[in-house]
Structure formats: C-alpha cells, structure tokens
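One structure is given below, encoded as structure tokens.
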Amino acid sequence: MKKDIQTKEDIARLVNVFYDRVLQNEKLVHFFVHLNFEEHKPKMVHFWSFVLLDEPGYNTNVFDKHANLHANSSDFNEWVSLFHSTVNELFEGEKAEAAKFRATTIGYTFGSKLDALNNQA
Ligand code: HEM
C-alpha cells in the first residue's frame, strides 16, 4: 500500500516527479523549458506545503503568475490530469486526495478565467 503525503520531503518528491512528466509532455513542455527549476521547484514545494501541511508564509498571487502564459483551459486540463496521475502513482490517502482536489479546482478556475480573458481581445 502506498503512503499518504506527510512531509515536505514527500512534496518535494511529488514536485520532482511531476516536472519530469511535464518535460516529457508534448502539450505542456514549451511552457516550462525556459524556467530555472532550481528557483521554481522550491516555490512549488512551498505552495503545496502551505496548502497541504499548513506551512505558513506563502503569499504569492498564483493567478498573476499564469496570466500572461497564453495557456487555455485545454492546457490546464492536461496539467491537472498529469498531476492526478503523478499523485496516484506515488501516494494514497487524505492528503493525496486533497492535493488532487485543489489542483482540479485551481486548474478549472485559471483555465476558465484565461479562456474568458483571451477571448475578449
Ligand atoms: C497549463 C497549466 C500551467 C502552466 C503552463 C503553468 C506554468 C507555470 C509557470 C511558467 C510558472 C512560473 C511563473 C514565473 O515564475 O513567473 C508557474 C508558477 C506556478 N504555478 Fe503554474 N502552471 C500551470 C498550472 C498550474 C496549476 C493548476 C497550479 C496550482 C494547482 C499551478 C501553481 C503554480 C505555482 C504555485 C507557481 C509558483 C508561483 C510562485 O510562487 O512564484 N500552476 N506555473
């Protein structure tokens, strides 16, 4: 039986494996190739530690970071689907379910918002 997401190290593992998958994904890779992962991954670990483990201090406006990416709801659906399969591969339990739920709601919100914004142009 797989264990649940319990520690920051678990989250770091999830983030690492997830980005391995993202970089192999034809639809998503172009959004990420230019990122400095040394800087980006710790931000993701902090975000998920804040969401799942109540670690304080994460106060970035996450939507703003995505507003100019020219991603749409189809891209967000792909991201969420890849995130779900990565979580399912590594973990199971309450936190794993919470992670998938949050990714789904955020992904849906961002995708819908960006579709609406981009169609106004
Ligand atoms: C197609 C879908 C997505 C793409 C292409 C994407 C791409 C990116 C990129 C390029 C950045 C770096 C931005 C920068 O540093 O200026 C970023 C940051 C981030 N993304 Fe996404 N993202 C996607 C979906 C999501 C979703 C669904 C979530 C949440 C569940 C999320 C959470 C974050 C967080 C927390 C950061 C770091 C913000 C910070 O602290 O600086 N992303 N994303």
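On a per residue basis, the chain carries 61 Å² of accessible surface, using protein heavy atoms and a 1.4 Å probe. Helix 94-120 axis versus longest C-alpha principal axis of the chain: approximately 10°, rounded to the nearest ten. Checked against a 26 Å cut-off, the cross-linked pairs K27/K95; K3/K43; K2/K113; K3/K65; K65/K100 give Cα-Cα distances beyond that limit for K27/K95; K2/K113; K3/K65. Taking 0.36 nm per residue of separation and subtracting the current Cα-Cα distance, fully stretching the chain between H70 and K3 would add 20.5 nm. Taking the Cα atoms only, what angle lies between the long axis of helix 73-90 and the longest principal axis of the chain, rounded to 10 degrees? Helix 73-90 sits at roughly 10 degrees to that axis. Shape analysis of the range 1-49 places it in the oblate category; the axes a ≥ b ≥ c from the Cα gyration tensor give an a/c of at least 1.5, with a/b not above b/c.
What shape does the range 57-114 take by its C-alpha gyration tensor, where a ≥ b ≥ c are the square roots of the eigenvalues and a/c under 1.5 counts as rounded, a/b above b/c as prolate, and the rest as oblate? Taking the square roots of the gyration eigenvalues as a ≥ b ≥ c, the range 57-114 is oblate. The magnitude of the dipole of the range 8-120, with charges of +1 and -1 set on the Cβ of Lys/Arg and Asp/Glu and taken from the Cα centre, is near 200 debye. Modelled this way, with points 7 Å down the Cα-to-C-beta line, the labels at A12 and E94 are 2.5 nm from one another. With respect to the chain, whose longest principal axis is taken over its alpha-carbon atoms, helix 8-22 is tilted by about 40°. The peptide list 19-30, 84-95, put in order of mean Cβ contacts within 10 Å with the highest first, becomes 84-95, 19-30. Measuring nothing but protein heavy atoms, the accessible surface of the range 41-94 at 1.4 Å probe radius is 49 percent carbon and sulfur. Shown here is the pair-distance distribution of the range 8-120: with all Cα-Cα distances grouped in 5 Å bins from zero up to the longest one, the shares run 2, 11, 21, 26, 23, 12, 4, 1, 0 percent. Relative contact order, whole percent, for the chain stands at 37, derived from Cα pairs under 8 Å and 6 or more residues apart.
The values are calculated or read from the model by the stated rules, or taken from the named source; none is laboratory data. These numbers come from a predicted model, not from an experiment. Reconstructed Cβ throughout: ideal geometry from the backbone, glycine too, with neighbour counts over all protein chains shown. Protein only, heavy atoms only, side chains kept; ligands, DNA and RNA dropped before computing areas. Shrake-Rupley method; radii C 1.70, N 1.55, O 1.52, S 1.80 Å.
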